[in-house]
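Student: Provided herewith is a single structure, encoded as structure tokens, for subsequent inquiry.
Read the figures in this text as sums done on the coordinates, not as results from a lab. Keep in mind the model is a prediction, meaning the values are calculated, not measured. Here the Cβ is made from the backbone with ideal geometry for all residues, glycine too, and neighbour counts use every protein chain on show.
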Amino acid sequence: MKQALLLLNMGGPNSVEEVELFLQNMFDDKNILPMNPYMRKFVANMIISKRIDEVKENYRLLGGKSPLPELTQRLIEKLHSRLDMPVFAAMRYVPPFADEALVACQKDGVEELILFPMYPQYSTTTTRSSLEDIQQRCEAMGYHPKITLIDPYYDDYDYIEASVAKIMEAMEGKDTREYDLLLSAHGLPMSIIKAGDPYEKQVEGNVSAIKVYLASKGIVFRDIKLVYQSKVGKSAWLEPNLADVLRNPTHDKVVIYPLAFTVDNSETVFELDIEHREIAQKLKYEDYVVTKCMNDDDAFADLITRRVKSL
């Protein structure tokens, strides 16, 4: 059976001009704003009109684009040397959309699409949203391949080992016992969690697995805390919020690991490394360290390869 691998992600604007498209598609997603289409459009327009200028400015500070597309392409190049099948990026909100990959797969006679979510934990707002997008686009094209979704890997031993390797890479030359390790996951509204989304439990499982691994290797941090970032609006979101934790310090040396991202993007490079760093600087933290995501690391490419080959 002829197969192809699709890496599922939300995507990141390829230019400042693409920011509006990114926001429009994100807030038009029924998994992000679960309400009737008319109300969703109204709320989306309200949020975008308030945030568009600020978000565009954030991307200008990043050099006018998200680092995510280029980093994803580098990962794909590594996977090409490990897998005997075509590999595509399938972004949810900005190009390259899934259409591009699906047209090529249909033309090439691909009979099975293997979907690898670039989200370690499952959420309706991420994995399900991307899966439904693929299914709907296939249906619209009259393309009916077998679709295989790879399971969440938040507690996969190799993934935990690779996560700790990224943390220790950032801690080179530093004494871990002097630092609080903040494991920062993307937040979600409590309404989505209460509707049955498994994300919070999987994030907590991810944190537990990292703690067990660190203990097994004799790596000791002063404290390890789960925090959530990226809150939007006034409704109740998952707690504790990273900004609140930073503003009420119990210690002045922290290292932050982005728990819910595998590829660096505006939430890691801007929000964590610029915006939240400013909070730490104002409060005169002695050290504030942000680790890199997996990106195109060999360990991550190997994990994807193993997951695909074990199907």
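Student: At a 10 Å Cβ-Cβ cut-off, how would you order Ile279, Ile147, fewest neighbours first?
Tutor: Ordered from fewest to most neighbouring Cβ atoms within 10 Å, Ile279, Ile147 come out as Ile147, Ile279.
Student: Just to be sure I follow: if Rg is taken over the C-alpha atoms of region 194-269 and Rh is the Kirkwood radius over the same atoms, what is Rg/Rh?
Tutor: Across region 194-269, the Cα-based Rg/Rh ratio is 0.97.
Student: A further question follows. Quick check: from the Cα gyration tensor, does region 38-151 come out rounded (a/c under 1.5), prolate or oblate?
Tutor: Oblate is the answer for region 38-151, as a/c is 1.5 or above yet b/c matches or exceeds a/b.
Student: Match the structure shown to one of the listed values (i) 18.0; (ii) 16.3; (iii) 17.1 of mean projected area of the Cα convex hull in nm², computed from it, and give that label.
Tutor: (ii)
Student: Ordered by residue, what ³J(HN,Hα) values in Hz, to whole numbers, does region 299-311 give under the Karplus form 6.51 cos²θ - 1.76 cosθ + 1.60, where θ = phi - 60° and Gly and Pro are x?
Tutor: Karplus values, whole Hz, x for Gly and Pro: 4, 6, 4, 5, 4, 4, 4, 4, 4, 5, 6, 7, 5.
Student: So what does the Cα-only Debye profile of region 257-302 read at q = 0.22 Å⁻¹, as log10 I(q)/I(0), no solvent term?
Tutor: -0.75
Student: Pop out the ³J(HN,Hα) list for region 84-99 in order, Karplus 6.51 cos²θ - 1.76 cosθ + 1.60 with θ = phi - 60°, rounded to Hz; leave Gly and Pro as x.
Tutor: 9, 7, x, 10, 10, 8, 10, 8, 7, 10, 9, x, x, 5, 4, 3
Student: Another question, then. Please report Cys138, Cys293 as a ranked list, fewest other C-beta atoms within 10 angstrom at the top and most at the bottom.
Tutor: Going from sparsest to densest Cβ surroundings: Cys138, Cys293.
Student: Out of Met91, Met190, Met46, any idea which swings most in a Gaussian network model of the chain, alpha carbons joined below 10 Å?
Tutor: Highest fluctuation of the listed residues: Met46.
Student: Now for a different question. Calculate one ³J(HN,Hα) per residue across region 2-9 by plugging θ = phi - 60° into the Karplus curve 6.51 cos²θ - 1.76 cosθ + 1.60, and present them in order as whole Hz with x for glycine and proline.
Tutor: Residue by residue, region 2-9 yields 6, 10, 9, 10, 10, 8, 8, 7 Hz.
Student: May I pose another question? Suppose we flag GluC sites (Glu not before Pro) only when DSSP calls them loop and at most 16 other Cβ atoms lie within 10 Å. Which is the longest uninterrupted stretch of the chain?
Tutor: Counting at most 16 other Cβ atoms within 10 Å as exposed, the longest clean stretch of the chain is 173-285.
Student: Please identify, among Leu79, Leu188, Leu214, the residue showing maximal mean-square fluctuation in a Gaussian network model of the chain using a 10 angstrom Cα cutoff.
Tutor: Sorting by GNM fluctuation, first place goes to Leu214.
Student: With springs only between Cα atoms under 10 Å apart, run a GNM on the chain and tell me which of Ile52, Ile76, Ile160 wobbles the most.
Tutor: Ile52
Student: Related question: Compute the FRET efficiency between Glu111 and Lys309 as 1/(1 + (r/R0)^6), taking r as their Cβ-Cβ distance and R0 = 22 Å, and round to the nearest 0.05.
Tutor: Given R0 = 22 Å and the Cβ-Cβ separation, E is 0.80.
Student: Does region 157-290 come out rounded, prolate or oblate by the C-alpha gyration tensor, with a ≥ b ≥ c the root eigenvalues, rounded set by a/c under 1.5 and, if not, prolate when a/b is larger than b/c and oblate if not?
Tutor: Cα axes put region 157-290 in the oblate bin.
Student: Around Val289, which amide H atoms from residues at least 5 apart in sequence, or from another chain, sit under 5 Å from its own amide H, with H modelled in the peptide plane?
Tutor: Val254, Val255, Ile256
Student: Would you grab the residues whose amide H sits under 5 Å from the one on Asn241? Only those 5+ places off in sequence or on another chain, please, with H modelled 1.01 Å from N.
Tutor: Tyr228
Student: Of the trypsin sites (Lys or Arg not before Pro) in region 174-208, which ones lie in a loop per DSSP and count no more than 10 other C-beta atoms within 10 Å?
Tutor: none
Student: Also, quick follow-up: For the pair Met46/Glu204, report the inter-label distance in nm, with labels modelled 7 Å from Cα in the Cβ direction.
Tutor: With each label point 7 Å from Cα toward Cβ, the separation is 3.2 nm.
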